[in-house]
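The values are calculated or read from the model by the stated rules, or taken from the named source; none is laboratory data. In this text the structure is predicted, and so the values were computed from the model without any measurement. So basically every Cβ, Gly included, is an ideal-geometry build from the backbone, and we count neighbours across all protein chains shown.
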Amino acid sequence: MISHVVKRDKKKLFKALDLFFEKLISVDGLRRRWEKFVFRMSEKGWRKGRAPRLMHIDMRIHSYAKAQTSSKTIWKEGGCAAHVIARNFGLEVRKPRAFMSFLPVEETELNRLLADFGISCPFIVVEPDTNRDWFGDLRAWPADRWQKLVDDLTENYPEVSIVQTGVSGEVSLQNVINMVGKTGFRQACLMIKNACLFIGTEGGLMHAASAVDAPSVVLWGGITLPEFAGYPHQHTVICHYVECAPCGNLGWCDNQHKCMKLIEVDAVYEAASKLLEPKATGVM
């Protein structure tokens, strides 16, 4: 359950004290000690039945990162990211899995939107772009390979439409129905749920594809490993376990981005075909 704290205006003195305290605990070690104290008090109140169990999403102690420097993120050890977070609460997560459900009105709205763009089943959703805020283009697959993949799929599965989604639009593909920026996040998730296949890289829509149980091919680089942040038990993951992974690098690479460049179009096409063939032919 997500609980939103009621915002209350504070007087200038208390705002100044808050800013001073924030500066005081800006050092990573001090912040973590403070967070552990707050979390311990929250757990104590929950166990005695006096308060709900709370976890603030911005607490570093609940992060799956051990530390972060100006140039890289260092990941925690001990299993997948979900396991690392859950361990704080005495829980065990062997195979991470998210779940999403949708209201009938959302399905109606999406069907109307798909009809407006002339999209009907079966269709593939591809997301060739990547969020560059933290890791730059390190999780991106070369645009020319995305285009070759789309062209090969179009040639061999002419009855299947290919829909491009995403938000940035930095990669513009031909032979696709361009839905970049045309949907909200939940609409994109529901569109992936209705698709016969999702193809993308590590990122938000990859997690969404897991949550809606969509057949998926995920192209994975070396910032993290699939076993740490992905769903190899659920998705078809194409990953070359290069010696420099997991690097956690914040947008820089000394190895020419080889983790992604080692992924060939033929390998992605073959993986997609194995998932696509039964649906495209109507044999399940």
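Summary of computed values
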| quantity | calculated |
| --- | --- |
| Subset of the range 144-163 [free of Cβ contacts under 8 Å to residues at least 24 places away in the same chain, surrounded by fewer than 16 Cβ atoms within 10 Å (Cβ to Cβ) and assigned to a helix (DSSP H, G or I)] | 144, 155 |
| Residue ranges of strands (runs of 3 or more DSSP E) in the range 41-143 with at least 2 members surrounded by fewer than 16 Cβ atoms within 10 Å (Cβ to Cβ) | 65-68 |
| Number of the exception - residue 166 against (1) over 25 Å from residue 148 (Cβ atoms); (2) buried (at least 22 other Cβ atoms within 10 Å of the Cβ); (3) modelled with pLDDT under 95 | (1) |
| Residue in the range 189-202 that is modelled with pLDDT of 95 or more, crowded, with 20+ Cβ neighbours inside 10 Å and of a type in the set (Phe, Trp, Tyr) present | yes |
| Some residue of the range 135-143 being over 30 Å from residue 79 (Cβ atoms) and either touching a helix residue (DSSP H, G or I) at 6+ places or on another chain (Cβ under 9 Å) or not basic (Lys, Arg) (or both) | yes |
